[in-house]
Amino acid sequence: MSNPSDTTQPEKSESPAATPGTESSGGAVVILFFIFGLAASMVLGWVIFPTLLYSKKKQPVDFNHALHVVEVENGCQSCHFFREDGTFSGRPTLESCVTCHESVQGATEEEARFVSQYVEKNREVPWLVYAQQPDCVFFSHAAHTIKGKMDCVTCHGHIGESDHLPIYEVNRITGYSRNIWGRNIAGIKRNTWDRMKMDDCSECHIRENVRQASVQTEKGGCFVCHK
């Protein structure tokens with residue numbers, strides 16, 4: 001029979017002490033997973049995604065700008081010119097090319113294919129336009145090159161010095177050329193011709209309007225560029 005006065009409490013079992021270094025190793029694993037996840041996200045978002053976002057296409061016919069600029073009279077203006085009403089010709093038509101290319105000139109495969117597939121069949125070349133903007137955007141070449149005295153390099157880069165046309169990269173979602181957004185997914189640019197976004201146009205317009213304080217009508221007017 002137990003003694004009522006015996007107040008001795010049963011001993012409680014102590015939980016085993018944590019193994020030294022367990023908590024620190026657990027924290028290291030969490031940090032390691034975080035770093036790995038961050039690196040994987042950066043690679044996916046900055047390398048893999050931009051690559052998958054754009055499909056690559058070759059132009060119907062390769063074109064040597066450098067050769068034509070040197071050998072053709074009037075250089076760039078022989079193919080890209082202003083019409084009598086002030087509008088810009090843009091892409092050269094077959095009519096512009098036939099004058100010199102009614103028959104094969106030289107021995108290149110591209111030249112022969114151009115003549116056989118387009119000149120002889122009287123078909124316009126379906127050129128892929130690197131600078132194609134949305135339909136709601138209005139751009140006047142005359143206002144920029146004649147009135148603004150800008151050169152083509154400012155927006156198009158040194159394409160006139162190239163021996164071959166660059167690969168045309170088109171956004172699978174929007175359908176626009178990569179030349180519009182730019183190659184850097186973060187929007188960082190080094191040159192004026194790296195991209196053709198609205199921000200780039202606004203940046204130049206603001207800068208030029210500050211220099212020419214007398215030009216007030218074009219400041220902040222959305223409908224100057226948008227239809």
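The values are calculated or read from the model by the stated rules, or taken from the named source; none is laboratory data. Keep in mind that this is a model prediction, so the values were computed, not measured. Reconstructed Cβ throughout: ideal geometry from the backbone, glycine too, with neighbour counts over all protein chains shown.
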Self-check item: Of the criteria (1) more than 26 Å from Lys189 (Cα to Cα); (2) modelled with pLDDT of 90 or more, which one His156 fails
Solution: (1)
Quiz item: Of everything in the stretch 112-129 that's of a type outside the set (Phe, Trp, Tyr) and within 29 Å of the chain's Cα centre (by Cα), which residue is surrounded by the fewest Cβ atoms within 10 Å (Cβ to Cβ)?
Solution: Pro126
Practice problem: Starting from residues that are surrounded by 11 or more Cβ atoms within 10 Å (Cβ to Cβ) and either in contact (Cβ under 8 Å) with a residue 60 or more places away in the chain or assigned to a helix (DSSP H, G or I) (or both), keep the ones in the stretch 98-111 and report whichever is nearest to the chain's Cα centre (by Cα). | Solution: Glu110
Quiz item: Has the stretch 6-19 got any residue that is at pLDDT 85 or above, of a type in the set (A, V, I, L, M) and assigned to a loop (DSSP other than H, G, I, E, B)?
Solution: no
Exercise. Could you tell me whether the stretch 210-225 includes any residue that is touching a Gly at 6+ places or on another chain (Cβ under 9 Å), modelled with pLDDT under 90 and surrounded by 11 or more Cβ atoms within 10 Å (Cβ to Cβ)?
Key: no
Practice problem: For the stretch 76-97, enumerate the residues that are assigned to a helix (DSSP H, G or I) and under 18 Å from Ala142 (Cα atoms). | Solution: Cys76, Gln77, Ser78
Exercise. Taking the residues in the stretch 52-88 that are on the phi > 0 side of the Ramachandran plot and not polar (S, T, N, Q) as candidates, determine which candidate is surrounded by the fewest Cβ atoms within 10 Å (Cβ to Cβ).
Key: Gly86
Quiz item: Is there a residue in the stretch 183-194 that is loosely packed, with under 13 Cβ neighbours inside 10 Å, closer than 30 Å to Trp46 by Cα and modelled with pLDDT of 90 or more?
Solution: yes
Quiz item: Which of the residues that make up the stretch 166-191 are within 8 Å of the chain's Cα centre (by Cα), under 10 Å from Tyr54 (Cβ atoms) and part of a loop (DSSP other than H, G, I, E, B)?
Solution: Arg183
Quiz item: Looking only at the stretch 130-161, which residues are assigned to a loop (DSSP other than H, G, I, E, B) and exposed (fewer than 13 other Cβ atoms within 10 Å of the Cβ)?
Solution: Pro134, Asp135, Cys136, Phe138, Lys149, Asp151, His158
